[in-house]
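Have a look at the structure below, then the notes.
The values are calculated or read from the model by the stated rules, or taken from the named source; none is laboratory data. Everything quoted here is computed from the prediction, not taken from an experiment. Glycine also receives a Cβ, built like all others from the backbone with ideal geometry; neighbour counts cover every protein chain displayed. These accessible areas exclude ligands, DNA and RNA; they are computed on the full protein's heavy atoms, side chains included. Shrake-Rupley method; radii C 1.70, N 1.55, O 1.52, S 1.80 Å.
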Amino acid sequence: MITVKDLDEYNQYFHQKTIHPLVAVGELSRADLRLFEPTDFGMYCVVLMDEDFGELQKNGKSIRYKAGTLFSLRPGQVVSMNLDYTVRPRGWMLAFRPELLEKTGLGRDFYMFNFFSSDTVEAVELSDTERGVILNCFATILAELNTPTDYLSDQLIRLGIGQLLSYFKRFHERQFSEAKGHGATLVQEMDIMVDNYLSSGLPAQKGQPTVSWCAEQFNLSPNYFGDLVRKELHTTAQDYLQEKIISAAKRLLLDTDMSVSEVAEELGFSYANHFSRMFAKRTGVSPLKFRKTAGSKGSD
């Protein structure tokens, strides 16, 4: 695996001079083929794949793409291509160092661009109009990089990058909101997955389901998974899981003669008092009072 140390090394792949110490734009058709070996660029990158020229892999997983798609990289991710040598690479690649974000408006707003946290195995497919918008964004950044430097240069470069990332976010959200049944499928699959886990006896052995565990089941990063849950269910992933645990607890309290301690253990709590506190916080009553009250209502 190759680790790119700085923009000088990055620019060598494109046979171009380093214009800015923190930002560069490269044209894939001019790239040295070594660029496509397994590489951690150590930077944030946005890549427009304007041709299908081989199998794209990110962190060892194949990324589905076709001509006219975008994908992103964050520091630490490894990307490579199994090249089709009959097709010439074509596209554009923006790279910028994390230092560009320090104490700037772009850094303040960077949390918005959560697609960098996504580990989905898809690139963002662009319409012809969207592709034109993205090409204009690359052209704007490149033009500013090649403009003689003045006191506005860094600000305009950051604005250009912010514009590109904002369009990326728009097209990314459009794609995943338009995907057939994506939101419903996520919620349905998540409900089934968590319910099955809670009723399997595994929590007593392996602990409660966590946000990280759920995200892993969907091949997503925890942050991106949390954003999807918030968008579809209007609650946090942690709150969703706690509600599922409380629902499972209610069933056990009503349908079995298990003690509160046994229910707590069954659902992965190390201490029964932790379970009782969560239950009371979520329902307003203790587990014992819930069992007594709900049980008496059911017998009336």
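Just grab the label-to-label distance for residue 153 and residue 217, each label 7 Å out from Cα along the Cβ direction, in nm (one decimal).
5.2
Using each residue's phi in the stretch 20-25, evaluate 6.51 cos²θ - 1.76 cosθ + 1.60 at θ = phi - 60° and report the 3J(HN,Hα) Karplus result to the nearest Hz, with x for Gly and Pro.
10, x, 10, 9, 8, 10
Counting Lys and Arg as +1 and Asp and Glu as -1, what is the net charge of the other residues whose Cβ lies under 12 Å from the Cβ of residue 100?
Summing Lys/Arg as +1 and Asp/Glu as -1 gives 0.
In percent, how large is the relative contact order of the stretch 1-99, given Cα pairs closer than 8 Å and 6 or more residues apart? Could you put the intermediate results ahead of the total?
Details: 215 pairs, mean separation 35.0, N = 99.
Relative contact order for the stretch 1-99 comes out at 35 percent.
In the chain, carbon and sulfur make up what percent of the accessible area (probe 1.4 Å)?
Values: 7790 of 15640 Å².
Of the solvent-accessible surface of the chain, carbon and sulfur hold 50 percent.
Calculate, for the stretch 9-146, the solvent-accessible area per residue in square angstrom, rolling a 1.4 angstrom probe over the heavy atoms of the protein chains. Spell out each step's value before the answer.
Values: 6240 Å² over 138 residues.
Normalised by residue count, the accessible surface of the stretch 9-146 is 45 Å².
Taking Cα extents along the principal axes in Å as the quantity of interest, determine which of (i) 81, 45, 35; (ii) 58, 58, 41; (iii) 60, 38, 35 was computed from the displayed structure.
Computed from the coordinates, Cα extents along the principal axes in Å corresponds to (i).
The stretch 201-279: which chymotrypsin sites (Phe, Trp or Tyr not before Pro) are DSSP loop and have at most 14 other beta-carbon atoms within 10 angstrom? Intermediate results must be reported in sequence, preceding the final value.
Values: sites: 213, 218, 224, 225, 240, 269, 271, 275, 279; in loops: 218, 269, 271.
Here the chymotrypsin sites (Phe, Trp or Tyr not before Pro) that fit, given the DSSP loop and packing criteria, are 271.
Measure nothing but the geometry: give the 0 to 90° angle between the long axis through the Cα atoms of 222-233 and the longest principal axis through the Cα atoms of the chain, rounded to 10°.
60
Within the stretch 33-123, report the trypsin sites (Lys or Arg not before Pro) that DSSP leaves as loop and that have at most 15 other Cβ atoms within 10 Å. Provide the component values of the computation, followed by the final result.
Values: sites: 34, 58, 61, 64, 66, 90, 103, 108; in loops: 66, 90, 103.
Listed in order of number, the matching sites are 66, 90, 103.
For the chain, take the longest principal axis of its alpha carbons; what is the angle in degrees between that and the long axis of helix 182-198, to the nearest 10 within 0 to 90?
40
Got the relative contact order for the chain handy, in percent, Cα pairs under 8 Å and 6 or more residues apart? Don't skip to the end; give the middle numbers.
Details: 411 pairs, mean separation 39.1, N = 300.
Result for the chain is 13 percent.
Between beta-carbons, use under 15 Å as the cut-off and find the net charge around residue 240, counting Lys and Arg +1, Asp and Glu -1. Before the final figure, lay out the partial values.
Details: positive: 230, 231, 244, 282; negative: 189, 191, 195, 227, 232, 239, 243.
Its environment carries a net charge of -3.
Which loop-located chymotrypsin sites (Phe, Trp or Tyr not before Pro) does the stretch 112-176 contain, where loop means any DSSP state but H, G, I, E or B and the Cβ has at most 14 other Cβ atoms within 10 Å?
Values: sites: 113, 115, 116, 138, 151, 167, 168, 171, 176; in loops: 113, 151.
The qualifying sites are 151.
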